[in-house]
Ligand code: C2E
Ligand code: CA
Ligand code: CA
């Protein structure tokens, strides 16, 4: 545990040493060593030193001094305090001086005065304060001079001079040593503080006070080195970027601080929480024992993070996705592998609709392996040769004719054979390779569309990555220009993922496409995370109502009402609509009753190769003519 809190560090730049206690610690070590020498001396003195004519006063005082010294040694060992050290200093110096005086008094010999003189520097040096050093010197000098009293005047004056010199030397030495000690002490305290500061800043996130990425990785490695089970989770906020874009970075910081606080409160002591960077947080959960326990925890985390956030003047609404993985006690796994799994689960959580938690399992493991193989094949493929397109009509049931074809990518890999679009598009999106595939596919689609009647549009899917990268948008613009195909007959289908990831960047990309005259459709509308402000802020021409609503049609009445209100919403905002995934005649009739106009789905046609389009349109023409 770090000794210095982040708040302390941020509050003061200069270290403020708590000198009194630390000084007493250092001085005590010094002083007790002196006491030990004195104890050794008085043990020998008590046992062996005898003076003729002494009835026993000297050994008695020596023994008393010895016991007092031992007592004070223990007293100081108990606790380091300046008061204790000072008290010890006064009493012990007095006793030591008394021993010398008694000895001289019992048997006077001039040389014995040396004993008192020797005490002068010794006591001055070991004194814990200048005050003590002065008083000890005064006591010693008084003893010394009282013993020299019966010398002749000249010798006595010599003694005064010697005593004076002795005390000056003692006090000077004591002052120098104590100031050196103090300097060393301050330097040590400052170094400790700076070390703690550096350690704190290196391991803590300064905005939220949570552990940072480095501390998190250290923690994971520590747990992996032990037979310990835990859940590792990655949390990502959905819709955080728009908060930064719309309300500014200070608002973003407020949200992040609140997220940290909510995580602390929800996970408590049974978790290690950290901020990896941006709006990404990581949690190690120790408490859940199985996936059912985990689900409870995970749901609580997602729910608490999805509550509104109080900004200065308004509330911000966002949600959070959680991807998690389990480390069993006996599982041999690296930290990066665990993170990769949690990240995979997080990606899926985001894809499934946001605001949910996903736990990595066996099927994900298989998928990762397959995705890696797909990714490798994607890197090595010849896009021109291996990629093709299938086209699915969008049908206007009022006019009774096809108004557009949606181009859907198909890949017949030389290595892997036919790879389903869901799989390779997902792999290409994750790896970023999609931005290389898009221009190839678009060029092919535009070439096919050149042959269509002029009232039929081309609908083309773009990924979030295409829209978010200005370079990718430029390539798309170039392909459209180079094709000579009227841009007003192109409709780019974009899912909301792009807008949630980075709204202003997405807005820029979309604007460049619509400025060129292309139409914009919001794909998979209503599935998962939907925010009407997106429709408001970018120019959307069409909403493609997700297939999931059509699937609900047969199951409950509400689906019908929801579809109806979505169609009305589109009408009110001057947007067209397309309802995806219509498979049966019953669905078609229900949708017609709900006011639907444009439908797409297997009922009209499955996606077809370009070569079938002419025949399909001819059949459609024939039926319309027959009806007339
Ligand atoms: P999407 O854009 O939602 O395309 C519609 C998907 O629904 C297509 O799947 C289509 O075959 C399928 N579908 C159409 N009608 C029905 C129906 O009546 N019932 C059912 N069950 N499904 C229907 P597909 O071709 O497998 O494409 C899957 C996804 O892959 C697309 O979903 C789109 O997100 C992506 N994708 C396809 N081509 C491209 C592309 O060129 N670029 C990008 N970025 N993504 C693409
Ligand atoms: Ca689409
Ligand atoms: Ca769709």
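When 166, 233 are checked against the criterion of being surrounded by 19 or more Cβ atoms within 10 Å (Cβ to Cβ), in contact with a helix residue (DSSP H, G or I) (Cβ under 9 Å, 6 or more places away or on another chain) and closer than 30 Å to residue 130 by Cα, a single residue qualifies: 166.
Filtered by the rule that a residue be assigned to a strand (DSSP E or B) and more than 15 Å from ligand 3 (Cβ to nearest atom), the range 405-432 gives 410, 411, 412, 413, 417, 418, 419.
Selection of first residues in the range 276-299 that are assigned by TED's automatic domain parsing to the domain that holds residue 322 and more than 27 Å from residue 212 (Cβ to Cβ) and of second residues that are surrounded by 13 or more Cβ atoms within 10 Å (Cβ to Cβ) and modelled with pLDDT of 95 or more, restricted to Cβ pairs under 6 Å at least 6 apart or on distinct chains, gives the following pairs, ordered by first then second residue: 291/359.
Check 333, 358 and return the single one that is part of a loop (DSSP other than H, G, I, E, B), at pLDDT 90 or above, farther than 28 Å from residue 439 by Cα and in contact with a strand residue (DSSP E or B) (Cβ under 9 Å, 6 or more places away or on another chain).
Numbers: 358 fails: part of a loop (DSSP other than H, G, I, E, B).
Among 333, 358, only 333 is part of a loop (DSSP other than H, G, I, E, B), at pLDDT 90 or above, farther than 28 Å from residue 439 by Cα and in contact with a strand residue (DSSP E or B) (Cβ under 9 Å, 6 or more places away or on another chain).
Please go through (1) buried (at least 17 other Cβ atoms within 10 Å of the Cβ); (2) over 21 Å from residue 264 (Cα atoms) for residue 225 and return the number of the only condition it doesn't satisfy. For residue 225, the failing item is (1).
The test for being in contact with a helix residue (DSSP H, G or I) (Cβ under 6 Å, 6 or more places away or on another chain) and surrounded by 18 or more Cβ atoms within 10 Å (Cβ to Cβ) does not hold for residue 576. Is it the case that the range 556-575 has a residue that's within 37 Å of the chain's Cα centre (by Cα), away from ligand 3 (no atom under 13 Å from the Cβ) and closer than 28 Å to residue 402 by Cβ? Scanning the range 556-575, I find no residue that is within 37 Å of the chain's Cα centre (by Cα), away from ligand 3 (no atom under 13 Å from the Cβ) and closer than 28 Å to residue 402 by Cβ, so the answer is no. Every condition in (1) within 16 Å of ligand 3 (Cβ to nearest atom); (2) crowded, with 16+ Cβ neighbours inside 10 Å; (3) assigned to a helix (DSSP H, G or I) holds for residue 435 except the one numbered (1).
For residue 625, indicate whether it is more than 16 Å from ligand 3 (Cβ to nearest atom) and touching a residue at least 12 places away in the same chain (Cβ under 8 Å). It is false that residue 625 is more than 16 Å from ligand 3 (Cβ to nearest atom) and touching a residue at least 12 places away in the same chain (Cβ under 8 Å). The sole residue among 8, 30, 45 that is part of a helix (DSSP H, G or I) and modelled with pLDDT under 60 is 8.
Quick one: is residue 454 exposed (fewer than 15 other Cβ atoms within 10 Å of the Cβ), more than 17 Å from residue 544 (Cβ to Cβ), touching a residue at least 12 places away in the same chain (Cβ under 8 Å) and in contact with a helix residue (DSSP H, G or I) (Cβ under 8 Å, 6 or more places away or on another chain)? I'd like the intermediate steps shown before the answer.
On the way: exposed (fewer than 15 other Cβ atoms within 10 Å of the Cβ): yes; more than 17 Å from residue 544 (Cβ to Cβ): yes; touching a residue at least 12 places away in the same chain (Cβ under 8 Å): yes; in contact with a helix residue (DSSP H, G or I) (Cβ under 8 Å, 6 or more places away or on another chain): yes.
The answer is yes for residue 454.
Would you mind listing the helices (runs of 4 or more DSSP H) fully within the range 460-561 where at least 1 residues are modelled with pLDDT under 95 and surrounded by fewer than 18 Cβ atoms within 10 Å (Cβ to Cβ)?
Numbers: elements: 464-468, 470-483, 496-501, 503-515, 532-537, 547-553.
The helices (runs of 4 or more DSSP H) meeting that bar are 503-515, 532-537, 547-553.
Tallying residues that are away from ligand 1 (no atom under 16 Å from the Cβ) and either in contact (Cβ under 8 Å) with a residue 40 or more places away in the chain or in contact with a strand residue (DSSP E or B) (Cβ under 6 Å, 6 or more places away or on another chain) (or both) within the range 593-608 yields 1.
Does residue 617 count as surrounded by fewer than 19 Cβ atoms within 10 Å (Cβ to Cβ) and over 25 Å from residue 351 (Cβ atoms)?
So residue 617 fits the description; yes.
Please determine, by comparing only the residues of the range 486-498 that are touching a residue at least 40 places away in the same chain (Cβ under 8 Å) and within 15 Å of ligand 3 (Cβ to nearest atom), which one is nearest to residue 448 (Cα to Cα). Filtering the range 486-498 for residues that are touching a residue at least 40 places away in the same chain (Cβ under 8 Å) and within 15 Å of ligand 3 (Cβ to nearest atom), the one nearest to residue 448 (Cα to Cα) comes out as 491. Applying the condition of being without any contact (Cβ under 8 Å) to a residue 12 or more places away in the chain and part of a helix (DSSP H, G or I) to the range 48-77 and asking which residue is nearest to residue 98 (Cα to Cα) yields 60. Within the group 40, 124, which residue is assigned by TED's automatic domain parsing to the domain that holds residue 180, part of a helix (DSSP H, G or I) and surrounded by fewer than 19 Cβ atoms within 10 Å (Cβ to Cβ)? Going through 40, 124 in turn, the sole match is 40. When you look at residue 369, is it away from ligand 2 (no atom under 16 Å from the Cβ) and under 30 Å from residue 297 (Cβ atoms), yes or no? In short, yes. The C-beta contact set for the range 424-439 (first residue without any contact (Cβ under 8 Å) to a residue 60 or more places away in the chain and in the same structural domain as residue 389 (by TED's automatic domain parsing), second residue away from ligand 2 (no atom under 16 Å from the Cβ) and not in a helix (DSSP H, G or I), distance under 7 angstrom, 6+ apart or interchain) comprises 424/411; 435/469; 437/387.
Let's see how each residue does on (1) part of a helix (DSSP H, G or I); (2) within 16 Å of ligand 2 (Cβ to nearest atom); (3) surrounded by fewer than 21 Cβ atoms within 10 Å (Cβ to Cβ); (4) modelled with pLDDT under 90:
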| site | (1), (2), (3), (4) |
| --- | --- |
| 339 | yes, no, yes, no |
| 342 | yes, no, no, no |
| 349 | yes, no, no, no |
| 354 | no, no, no, yes |
| 364 | yes, no, yes, no |
| 373 | yes, no, yes, no |
| 395 | no, yes, no, no |
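Counting only residues that are more than 23 Å from residue 377 (Cα to Cα), within 15 Å of ligand 1 (Cβ to nearest atom) and either in contact (Cβ under 8 Å) with a residue 40 or more places away in the chain or surrounded by 17 or more Cβ atoms within 10 Å (Cβ to Cβ) (or both), the range 440-451 holds 3 of them. Can we say residue 95 is in contact with a helix residue (DSSP H, G or I) (Cβ under 9 Å, 6 or more places away or on another chain), modelled with pLDDT of 90 or more and assigned to a helix (DSSP H, G or I)? Yes: the conditions hold for residue 95. When you look at residue 102, is it in contact with a helix residue (DSSP H, G or I) (Cβ under 8 Å, 6 or more places away or on another chain) and either in contact (Cβ under 8 Å) with a residue 24 or more places away in the chain or surrounded by fewer than 21 Cβ atoms within 10 Å (Cβ to Cβ) (or both), yes or no? When the stated conditions are applied, residue 102 passes them.
The values are calculated or read from the model by the stated rules, or taken from the named source; none is laboratory data. As the structure is a computational prediction, the values presented were derived from the model and not from experiment. Every residue, glycine as well, gets a Cβ built from its backbone with ideal geometry; the counts of neighbours run over all protein chains shown.
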